[in-house]
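A.B. asks: Please read through the structure below; I'll follow up with questions.
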Amino acid sequence: MKRKVEPQKAEGIPPDVLDRLLALLETKGVRQTDFASAMGRSNDWASRTMKGERGLLVETLVKLADVYHVNLHWLVTGTGEMFVTSGKEGSATQFLDDAIVKLKLVRKAISEEK
């Protein structure tokens, strides 16, 4: 029988990742309430996230990438451009970079659960 895997709740966001998240939201002109709405969460969640009090689940990172076209590699590591590029070569490279970041996050979540 398969056991249902519950999402891990991380405590806080690393300060450098938080700085990049806030820079992203500022660059896009996203208010706290808009951020909450786009992520399908409450204003309290958005407030605590933007203060660095809550961690970001893999699902939230993926949604951030989809909604705001942010480069996940940049968001997590600070390397590369803030946004996904639109050129063919850039898109393929960006896709692979984002896939690697997503896989690393999933692997980390799985290993923390054990």
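A.B. asks: Sorting check: for 58-66, 22-30, which peptide has the highest mean count of neighbouring beta carbons within 10 Å, and how do the rest follow?
C.D. replies: The densest-packed peptide leads the list: 58-66, 22-30.
A.B. asks: At a Förster distance of 22 Å, what's the computed FRET efficiency of E112 paired with R48, Cβ-Cβ distance as r, to 0.05?
C.D. replies: 0.60
Readers should treat all values here as calculations from the given coordinates under stated rules, not as data from a laboratory. Since the structure is predicted, the reported quantities are computational estimates derived from the model, not experimental observations. Here Cβ is always computed from backbone atoms with ideal geometry, including for glycine, and neighbour counts include all displayed protein chains.
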